[in-house]
Amino acid sequence: MVSIHFRSQMSYRASFVFEFLGTLTVGILEFATFALVLPRFEHIGGWGLGEVAFLAGVVNLSFGLMDMVFSGFDPGRFGRHVRLGQFDQLLLRPVNITLQVLGSEFVLRRIGRILVGISILAFSFTLIEVDWTPEKFLVLAFAILGQIGFFGSLFMVGSTITFWTVESIEVMNVFTYGGSEMISYPMHIYPNFLRRFFTFILPAMFLNYYPAIYILELPDPLGMPGFAHWLSAPVGLLMLLVARVVWHFGIRQYQSTGT
C-alpha cells in the first residue's frame with residue numbers, strides 16, 4: 001500500500017516538488033526567524049541558540065518521520081473517512097485494520113519537515129561541540145524513536161475519538177502539534193503545573209529534554225534520576241501500547257455513520 005501511495009504521488013512530480021519545497025522553505029524560515037530574535041535575549045533559561053537548535057532539530061526530524069508513517073491516523077483525515085463511511089470499507093477487508101489505516105496514507109512531502117530537522121541539527125553542530133560516544137548515539141536514536149511513538153500514539157487516540165465525535169477535535173492538536181512545539185524548548189522554563197502534567201500524565205519531559213541534557217552534557221535544574229535520558233523510547237512504546245488499547249476499544253464500539 002505504501003508503494004502504491006509512493007507511485008501515485010510521484011506521478012504528479014511537479015506538484016510533489018512544489019509541496020516539498022514549500023514545506024522545507026516554511027520550516028527553515030520559521031526557525032530562521034527564531035534564530036534571529038534569540039540573540040537579543042542571549043539565552044532561554046540558560047540555553048543558547050545552539051542548544052535550543054539541537055532540541056528543535058530532533059523534534060522536527062522525529063515529527064516529520066512520525067507524520068509520514070502515521071499519516072493514516074491523522075485525526076483530521078481519519079475523521080473525514082469515518083464521516084463518509086469509508087472506514088466501513090476497511091473493516092470489510094480480510095487484512096489487519098491497524099495495518100490498513102497505517103497504509104492508507106503515506107505523505108511524501110513530509111520529507112520536507114524531515115530535511116528541516118536535519119538542517120537545524122546540522123546548524124546546531126556549528127554552534128556547539130558534542131563529544132560523541134556510542135551511548136550518546138544510542139540516546140539520540142531512542143529520543144527519535146520515542147517521539148515517533150509518542151506523537152503517533154496521540155494520532156491514534158485522536159482518530160479513535162472521531163468514532164464518537166465524527167469530526168476531529170482541536171484539543172488533540174494541542175497535544176500533537178502544540179506538544180512538538182513545546183518540547184522544542186528547555187522544559188525547565190515552563191511553570192510547575194505544566195512540567196508536572198508533561199512528566200506524570202503525558203511524559204513528554206523525557207522525550208527530548210533529558211536526552212539533550214545528556215548528549216550536550218548540561219546540568220539538570222529539575223533533579224531527575226540519572227537514568228532519565230534513557231526513558232524516551234520506553235515512554236514512546238508505553239504510549240503506543242495504551243493507544244492500541246484505546247484504538248481497539250473504539251473499533252469494538254464503532255457504529256457506522258450510515259453514509
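Just so it is clear, none of the values below were taken in a lab; they were calculated from the coordinates. The structure displayed is predicted, hence computed values, not measured ones. In this analysis, Cβ positions are derived from the backbone assuming ideal geometry, glycine residues included, and neighbour counts consider all displayed protein chains.
I'd like to know if segment 59-72 contains one or more residues that are more than 23 Å from His188 (Cα to Cα) and not in a helix (DSSP H, G or I).
Within segment 59-72 (the criterion being more than 23 Å from His188 (Cα to Cα) and not in a helix (DSSP H, G or I)), the answer is yes, since at least one residue qualifies.
When segment 122-163 is examined, which residues are found to be in contact with a Leu (Cβ under 8 Å, 6 or more places away or on another chain), under 25 Å from Val242 (Cα atoms) and β-branched (Val, Ile, Thr)?
If the condition is that a residue be in contact with a Leu (Cβ under 8 Å, 6 or more places away or on another chain), under 25 Å from Val242 (Cα atoms) and β-branched (Val, Ile, Thr), then Ile144, Ile148 are the ones that fit.
Give Glu42, Glu19 a once-over and let me know the one that is farther than 29 Å from Arg252 by Cα, acidic (Asp, Glu) and either in a loop (DSSP other than H, G, I, E, B) or over 22 Å from the mean Cα position of the chain (by Cα) (or both).
On the way: Glu19 fails: either in a loop (DSSP other than H, G, I, E, B) or over 22 Å from the mean Cα position of the chain (by Cα) (or both).
Unique residue meeting the criteria: Glu42.
Starting from residues that are of a type in the set (S, T, N, Q) and in contact (Cβ under 8 Å) with a residue 60 or more places away in the chain, keep the ones in segment 51-83 and report whichever is nearest to Met239 (Cα to Cα).
Here is the first cut: in segment 51-83, the ones of a type in the set (S, T, N, Q) are 60, 62, 71.
The next check asks that each one be in contact (Cβ under 8 Å) with a residue 60 or more places away in the chain; those that pass are 60, 62.
Working: Asn60: 20, Ser62: 16 Å.
Among those that are of a type in the set (S, T, N, Q) and in contact (Cβ under 8 Å) with a residue 60 or more places away in the chain, it is Ser62.
If you go through segment 219-259 one residue at a time, how many are exposed (fewer than 13 other Cβ atoms within 10 Å of the Cβ) and touching a Gly at 6+ places or on another chain (Cβ under 6 Å)?
Residues in segment 219-259 being exposed (fewer than 13 other Cβ atoms within 10 Å of the Cβ) and touching a Gly at 6+ places or on another chain (Cβ under 6 Å): 1 in total.
So which residues in segment 158-196 are in contact (Cβ under 8 Å) with a residue 12 or more places away in the chain and among the β-branched types (Val, Ile, Thr)?
Residues satisfying the conditions are Thr160, Ile161, Thr162, Thr165, Val166, Ile169, Thr176, Ile183, Ile189.
Just need a number here: residues in segment 197-230 that are hydrophobic (A, V, I, L, M, F, W, C), farther than 27 Å from Met172 by Cα and free of Cβ contacts under 8 Å to residues at least 24 places away in the same chain.
Going residue by residue through segment 197-230, those that are hydrophobic (A, V, I, L, M, F, W, C) are 197-198, 200-202, 204-207, 212-213, 215-216, 218, 222, 224, 227-228, 230.
Applying the additional criterion that residues be farther than 27 Å from Met172 by Cα yields 213, 215-216, 218, 222, 224, 227.
Next, only the ones that are free of Cβ contacts under 8 Å to residues at least 24 places away in the same chain stay: 213, 224, 227.
Residues flagged as hydrophobic (A, V, I, L, M, F, W, C), farther than 27 Å from Met172 by Cα and free of Cβ contacts under 8 Å to residues at least 24 places away in the same chain within segment 197-230 amount to 3.
Select, from Phe123, Phe155, the only residue that is touching a residue at least 60 places away in the same chain (Cβ under 8 Å), surrounded by 21 or more Cβ atoms within 10 Å (Cβ to Cβ) and part of a helix (DSSP H, G or I). Steps first, answer last, please.
Working: Phe123 fails: surrounded by 21 or more Cβ atoms within 10 Å (Cβ to Cβ).
Of Phe123, Phe155, the one residue that is touching a residue at least 60 places away in the same chain (Cβ under 8 Å), surrounded by 21 or more Cβ atoms within 10 Å (Cβ to Cβ) and part of a helix (DSSP H, G or I) is Phe155.
In segment 197-218, what residues are over 16 Å from the mean Cα position of the chain (by Cα) and either part of a helix (DSSP H, G or I) or surrounded by 18 or more Cβ atoms within 10 Å (Cβ to Cβ) (or both)?
Initially, segment 197-218 is screened for residues over 16 Å from the mean Cα position of the chain (by Cα), giving 197, 199-201, 210, 212-218.
Selection gives Phe197, Thr199, Phe200, Ile201, Tyr210, Ala212, Ile213, Tyr214, Ile215, Leu216.
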